[in-house]
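Novice: Please see the structure below; I have some questions.
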Amino acid sequence: MHISNGIIDGPVAAIFAAFALAALAFCVLRGRADLDDRLAPMAGLVAAFIFAVQMLNFPIFTAGVSGHLLGGALAALLVGPWVGALCVAVVLVVQALVFGDGGVAMLGLNITNMAILGTAAAYLLIALLLRVLPRTPAGLAVTAFVSSLVSVVVASQGFVFQYWLGGTTDLGGNLGGLAGTMAFAHLLIGIGEGLITATTVVTVAKVRPDLVYALRALKPAAPVPAVPVAGGVR
Amino acid sequence: MGAGHGHVLYRESGSPVHRLPPEVKITAMVLFTVAVVATPREAYWAFGGYALLVAAVAALARVGPRWLLGRALIELPFVLFAFALPFLGAGERVDVAGLSLSVDGLHGAWNILAKGTLGVLASLLLAATTTTRDLILGLDRLRCPQILTQIATFMLRYLEVLVGEARRMRVARVSRGDDPRFLWQLRGFAAGVGALFLRAFERGERVYLAMVSRGYTGRMPAVWQGSGAATAGQWAVAATVPVIAASIAAAALVLQ
């Protein structure tokens, strides 16, 4: 999923870099209000978690690209859309600068696909599903699963769209095939990601529901019994 | 878990490249990569020039070619696309060893391999000569918004918390009679991923609260910022690399 230098041509990369920069600036403005004492360590941990799971790469040989878990839905659920997008973006920036995963010149494209498109698609679905589904662990699990699945596929189609705009090699009629392979492979990856996201979020919600941003932001505040939380009184 | 640790890719040394301030190195690396990407793919000689430039910096940083090329293999999954292009590409075809390959696809594959490899080598050189602490310091000095540097700081710190916690949970499983082999290790891991996250969070939260109670306000204290920002001289020294790269790119664009 990480686009490496030279796959997409310069002008398209520059346009998406500008778009990513503007979107991130907006996220920074909105995210500042969210980042309190509870969210700051959570944002760091979510970023570390995403960094770790993105190391697992599955090569997709028929399309010659690799896929991996993205983590946009997990970030959106636990730290909200604004800080979530920033978390994924930070992961991508550090990977590009230090590990050479994804070209530095292609950072705008990668951030657009994985941090912005992935997180936005996930959060829109989360906002919808949490209102519709019952407030049970099962409802939350379904929300997490579906939003992860869709966000991964959406992000993969972002790459196909960018390739259509500015791919350095003309694929002719094979572009449709690329779109199909990417969608299918990322459907499988999305199922894996959905399971991991659902397990993680449901466990966190059972023990520390106060830590799940989506539950705080999207549900009317239930009367919270004053139970001492781990980490002490704040 | 402490700050100031090098990461796996860091190579301890006192070379001139190690001593350059991080913001200078980050800027030089990004500009170099942009110049490489902007080069037309038919200008083969230009990529040779870039490779020489990378080799010169590596020699100056005392990073051996074996280490550099070994680590560059990380790129493989990302450039797999390049190997598919000669088969997928449209247009004129040539026969190579009995295979019908697209000319445009071959050019595309070369383009991705050359630019991808040079980009990976440049970031490996940055990683080998800069600690994570300095990297974040450099981003901070480049006016990166504080919320981003803060997330990055915690991310790098909590990676170690996460790894340590996973190790402890594995030891706990094994000492209770679990004896996973090969892929079956994943089952125990997957079942515990929620618990792992929660445990890592609660440990991370204690780390954070300890930092807050010692005066952390979202930015590392000034003592950490070391000897101050880069001087004009250091900028000038580091600028040689992107300037040479930009000249090569410009020459390639004019000559084509």
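The values are calculated or read from the model by the stated rules, or taken from the named source; none is laboratory data. Being a predicted model, the structure only gives us computed values, none of them experimental. Note that each Cβ is placed from the backbone with ideal geometry, even for glycine, and that neighbours are counted across all protein chains shown.
Novice: Can you pull out every residue in region A:111-170 that is closer than 26 Å to A:Val93 by Cα and touching a Lys or Arg at 6+ places or on another chain (Cβ under 9 Å)?
Specialist: A:Thr168
Novice: Does A:Gly84 satisfy the criteria of being farther than 27 Å from B:Leu31 by Cα, within 11 Å of another protein chain (Cβ to nearest Cβ) and either buried (at least 24 other Cβ atoms within 10 Å of the Cβ) or not polar (S, T, N, Q) (or both)?
Specialist: yes
Novice: So which residues in region B:123-149 are part of a helix (DSSP H, G or I) and charged (D, E, K, R), if there are any at all?
Specialist: B:Arg133, B:Asp134, B:Asp140, B:Arg141
Novice: Taking helices (runs of 4 or more DSSP H) that do not extend beyond region A:86-191, which have at least 3 residues that are of a type in the set (Val, Ile, Thr)?
Specialist: Of the helices (runs of 4 or more DSSP H) lying wholly inside region A:86-191, those with at least 3 residues that are of a type in the set (Val, Ile, Thr) span A:118-132, A:137-166.
Novice: Report, ordered by the first and then the second residue, all pairs with beta carbons closer than 6 Å, sequence separation of six or more or different chains, a first member in region A:154-168 that is in contact (Cβ under 8 Å) with a residue 40 or more places away in the chain and farther than 19 Å from A:Ala121 by Cβ, and a second member that is among the hydrophobic types (A, V, I, L, M, F, W, C) and not in a helix (DSSP H, G or I).
Specialist: Matching pairs, first to second residue: A:Gly166/A:Ile8.
Novice: Another question, if that's okay. Look through A:Val146, A:Val152 and report the one residue that is more than 30 Å from B:Trp110 (Cα to Cα) and among the β-branched types (Val, Ile, Thr).
Specialist: Within the list A:Val146, A:Val152, the selection yields A:Val146.
Novice: State which residue pairs qualify: first residue at the interface with another protein chain (Cβ under 7 Å from one of its Cβ atoms) and inside region B:110-122, second residue basic (Lys, Arg) in any location, beta carbons under 6 Å apart, and separation of 6 or more residues or different chains.
Specialist: Partner pairs satisfying both residue conditions: B:Asn111/B:Arg41.
Novice: Of the residues A:Val65, A:Val90, A:Val94, A:Val98, which is at pLDDT 90 or above, within 7 Å of chain B (Cβ to nearest Cβ) and under 28 Å from A:Gly167 (Cβ atoms)?
Specialist: So the residue among A:Val65, A:Val90, A:Val94, A:Val98 that is at pLDDT 90 or above, within 7 Å of chain B (Cβ to nearest Cβ) and under 28 Å from A:Gly167 (Cβ atoms) is A:Val90.
Novice: So which pairs qualify, if the first residue must be in region A:21-37 and under 22 Å from A:Thr112 (Cβ atoms), the second must be surrounded by fewer than 19 Cβ atoms within 10 Å (Cβ to Cβ) and at pLDDT 85 or above, the Cβ gap must be under 6 Å, and the two must be at least 6 apart or on different chains?
Specialist: A:Val28/B:Pro145
Rundown of residues vs (1) away from chain B (no Cβ under 14 Å); (2) at pLDDT 85 or above; (3) within 15 Å of the chain's Cα centre (by Cα), yes/no style:
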position	(1), (2), (3)
A:Leu195	no, yes, yes
A:Val204	no, yes, no
A:Val207	no, yes, no
A:Asp210	no, no, no
A:Leu218	yes, no, no
A:Ala221	yes, no, no
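Novice: Looking only at region A:71-81, which residues are assigned to a helix (DSSP H, G or I) and either within 12 Å of chain B (Cβ to nearest Cβ) or in contact (Cβ under 8 Å) with a residue 60 or more places away in the chain (or both)?
Specialist: Residues satisfying the conditions are A:Gly72, A:Ala73, A:Leu74, A:Ala75, A:Ala76, A:Leu77, A:Leu78, A:Val79, A:Gly80.
Novice: For region B:165-184, enumerate the residues that are within 24 Å of B:Val207 (Cα to Cα) and surrounded by 14 or more Cβ atoms within 10 Å (Cβ to Cβ). Don't jump to the end; show me each part of the working.
Specialist: The initial filter retains those residues of region B:165-184 that are within 24 Å of B:Val207 (Cα to Cα), namely B:165-172.
Those that are within 24 Å of B:Val207 (Cα to Cα) and surrounded by 14 or more Cβ atoms within 10 Å (Cβ to Cβ): B:Glu165, B:Ala166, B:Met169, B:Arg170.
Novice: Looking at region A:28-58, which of its residues are among the hydrophobic types (A, V, I, L, M, F, W, C), more than 9 Å from chain B (Cβ to nearest Cβ) and within 14 Å of the chain's Cα centre (by Cα)?
Specialist: Within region A:28-58, A:Val53 is the sole residue that qualifies.
Novice: Return yes or no: is B:Leu121 in the same structural domain as B:Val37 (by TED's automatic domain parsing) and within 22 Å of B:Ala61 (Cβ to Cβ)?
Specialist: Spelling it out, B:Leu121 is indeed in the same structural domain as B:Val37 (by TED's automatic domain parsing) and within 22 Å of B:Ala61 (Cβ to Cβ).
Novice: Could you tell me which of the residues B:Val174, B:Val120 is part of a helix (DSSP H, G or I), among the β-branched types (Val, Ile, Thr) and at pLDDT 85 or above?
Specialist: Exactly one of B:Val174, B:Val120 is part of a helix (DSSP H, G or I), among the β-branched types (Val, Ile, Thr) and at pLDDT 85 or above, namely B:Val120.
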